[in-house]
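Some notes on the structure that comes next.
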Amino acid sequence: MADKPPILVTLGDPNGVGPAICARAWNLPSMRRLGLAFVGSSDILERALRREGIEAEPTAWNPGSPLPRAGVPVWEPPGLPSAELHPGENRRDAGAQALASVDAAVSECLAGTARAMVTAPLSKEAVSMTSPGFSGHTGRIASLCGASSHCLALNHGKLWAAFTTTHVALRDVPALITTENVSRTGRLLHAALVGSGVAAPRVGVAGLNPHAGEHGLFGDEEATAVEPAIAVLRSEGIDASGPWPSDVAFPLLKAGRLDGVVCLYHDQGHPVMKTLGFDLRRNRLRGVNVTLGLPIVRTSPDHGTGFDIAWKERADEGSLVDALRLADRLARPSRTR
C-alpha cells in the first residue's frame, strides 16, 4: 500500500470498546495490508495493544509521510485533548478527544492525505458535554465536508438500507417525508450501490404507513410524497420500485430481488438490518454504517461504545473489519459485478 494514502481509523471514545477493536483489527494481516493509520491517543492505543496481548508498539506517523514499516501507525493531531482512562464512563475529556480525532481525520481526507476514514464508536452524550447539540458522526462529518445532500446508510454484505430521516422524534417524521427528501435518499443509495460494485442497482422504497397506506386508508404520504419520488428516480434512469410495505421490502432485499431499501425513518430499518446482520452462532453483530453523499469515504462499525464490556470483556472486531473492507472498496475506482 506504499503508493496509496492510508485509511485513517479513529480510536473512538477511549472509555469504550473502540481502542480494543482497533488493536484487534490491526493484528489481522489482511487488515494491515489495507494500509491503516490510527488517529487518537498513542497512550490509549498502547494500553489497548497490551491488554489484547498484541506484541507491537505504537509508532508516530504524520499525514503525508509513508507508513512506518514497523509498529502500529498512530497520529496524534496537534492539540489533541488529553483524556484519563475511566472505562465505561461518559466523560467530558473523552468526548472531546474522540471528536477532535474525527475532525482531524476529516481534514486529512479532504486534503487527500488519506483515502478513507473509519470511525470507531464514540459517545454522543460524552461529546455533547463540550459540543451541545451533537447528534452523531453523520451530521458532524457532513457539516465539515460542506455536504448539504447526505444520508446515513447501513450495509451488511450485499444488503443495503439508506435513511431519509434518522435521529428525529417519530412524531416529526411525516413532515420530513417529502418528494425531494425521498428522491435524494434514493439517488444517494443508487450511487453507493454502483460504487460498491452493483452494475444495475434495484432500489426499493418503503412506505411510511402500515401496508404502505393501503391506498389511503392509513395515511396519504405514499401518494403525496413517496410515489412522486419514485417517479422522479425512474425519470433519472434509476430502477426504483414501491412504495413497499416494510414487511415486504426487507424480505425482497434478503431474497436478492432488491439491492437496497430506502427507509423513511430510523427504526424502520435499523432493527431489521441489525437482525439480518446478527451472527447467532458467534453471538455478535456484523454490519457497517456508511455516510452517503460526502466528498470523502466514511464508514463505521454498526454498534456503540459497549461501555458495559469496555476494558473488561473481549470486544468483537468483526464489524470494524467489515467497515474497513467496505471503506477500501468504496475508495477504489468503481468496479461493477
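Counted as qualifying within segment 234-329 are the strands (runs of 3 or more DSSP E) with 3 or more residues that are in contact (Cβ under 8 Å) with a residue 40 or more places away in the chain and either over 20 Å from Val198 (Cα atoms) or of a type in the set (A, V, I, L, M) (or both), namely 288-292.
Cβ-Cβ distances below 6 Å connect the following pairs, each with a first residue in segment 98-121 that is farther than 23 Å from Thr305 by Cβ, a second residue that is in a helix (DSSP H, G or I), and a separation of six or more residues or different chains: Ala114/Glu108. If you check Glu227, Glu214, Glu236 for being at pLDDT 95 or above and surrounded by fewer than 18 Cβ atoms within 10 Å (Cβ to Cβ), only one passes: Glu236.
Within segment 36-59, the set of residues being in contact with a Pro (Cβ under 8 Å, 6 or more places away or on another chain) and over 18 Å from Ile21 (Cβ atoms) comprises just one member, Thr59.
Each residue in segment 265-321 was checked for being acidic (Asp, Glu), closer than 29 Å to Leu144 by Cα and not assigned by TED's automatic domain parsing to the domain that holds Ala94, and 1 of them qualify.
For segment 295-314: of the residues being over 12 Å from the mean Cα position of the chain (by Cα) and closer than 21 Å to Leu154 by Cα, which is surrounded by the most Cβ atoms within 10 Å (Cβ to Cβ)? Among those that are over 12 Å from the mean Cα position of the chain (by Cα) and closer than 21 Å to Leu154 by Cα, it is Thr305.
Give the residue that is farthest from Leu193 (Cα to Cα), with candidates limited to residues of segment 215-233 that are charged (D, E, K, R) and touching a Pro at 6+ places or on another chain (Cβ under 9 Å).
Ranking the candidates gives Glu221 first.
Residues considered: Glu89, Glu125, Glu84. Of these, the only one that is among the acidic types (Asp, Glu), without any contact (Cβ under 8 Å) to a residue 60 or more places away in the chain and farther than 23 Å from His266 by Cβ is Glu84. Looking across segment 163-195 at every residue that is crowded, with 16+ Cβ neighbours inside 10 Å, over 21 Å from Arg332 (Cβ atoms) and of a type in the set (A, V, I, L, M, F, W, C), the one that is nearest to the chain's Cα centre (by Cα) is identified as Phe163. Can His270 be described as surrounded by fewer than 24 Cβ atoms within 10 Å (Cβ to Cβ), modelled with pLDDT under 95 and over 22 Å from the mean Cα position of the chain (by Cα)? Spelling it out, it is not the case that His270 is surrounded by fewer than 24 Cβ atoms within 10 Å (Cβ to Cβ), modelled with pLDDT under 95 and over 22 Å from the mean Cα position of the chain (by Cα). Quick check on Ser143: is it farther than 26 Å from Gly53 by Cα, surrounded by fewer than 23 Cβ atoms within 10 Å (Cβ to Cβ), modelled with pLDDT under 95 and within 20 Å of the chain's Cα centre (by Cα)? Spelling it out, Ser143 is indeed farther than 26 Å from Gly53 by Cα, surrounded by fewer than 23 Cβ atoms within 10 Å (Cβ to Cβ), modelled with pLDDT under 95 and within 20 Å of the chain's Cα centre (by Cα). Is it the case that some residue within segment 3-23 is basic (Lys, Arg) and touching a Gly at 6+ places or on another chain (Cβ under 7 Å)? Yes: one or more hits. Where helices (runs of 4 or more DSSP H) sit wholly within segment 136-231, those with at least 1 residues that are within 17 Å of Gly242 (Cα to Cα) occupy 179-195.
Conditions tested, residue by residue: (1) under 24 Å from Glu89 (Cα atoms); (2) not small (Gly, Ala, Ser).
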| residue | (1), (2) |
| --- | --- |
| Pro6 | no, yes |
| Thr10 | yes, yes |
| Pro19 | yes, yes |
| Ala25 | yes, no |
| Met31 | no, yes |
| Leu34 | no, yes |
| Gly40 | yes, no |
| Arg51 | yes, yes |
| Ala60 | no, no |
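Of the listed requirements (1) of a type outside the set (A, V, I, L, M); (2) closer than 24 Å to Val321 by Cα; (3) surrounded by fewer than 19 Cβ atoms within 10 Å (Cβ to Cβ), Ser65 misses just one: (2).
The values are calculated or read from the model by the stated rules, or taken from the named source; none is laboratory data. Everything quoted here is computed from the prediction, not taken from an experiment. Positions of Cβ are generated from backbone atoms using ideal geometry, with glycine treated the same way; all protein chains shown enter the neighbour counts.
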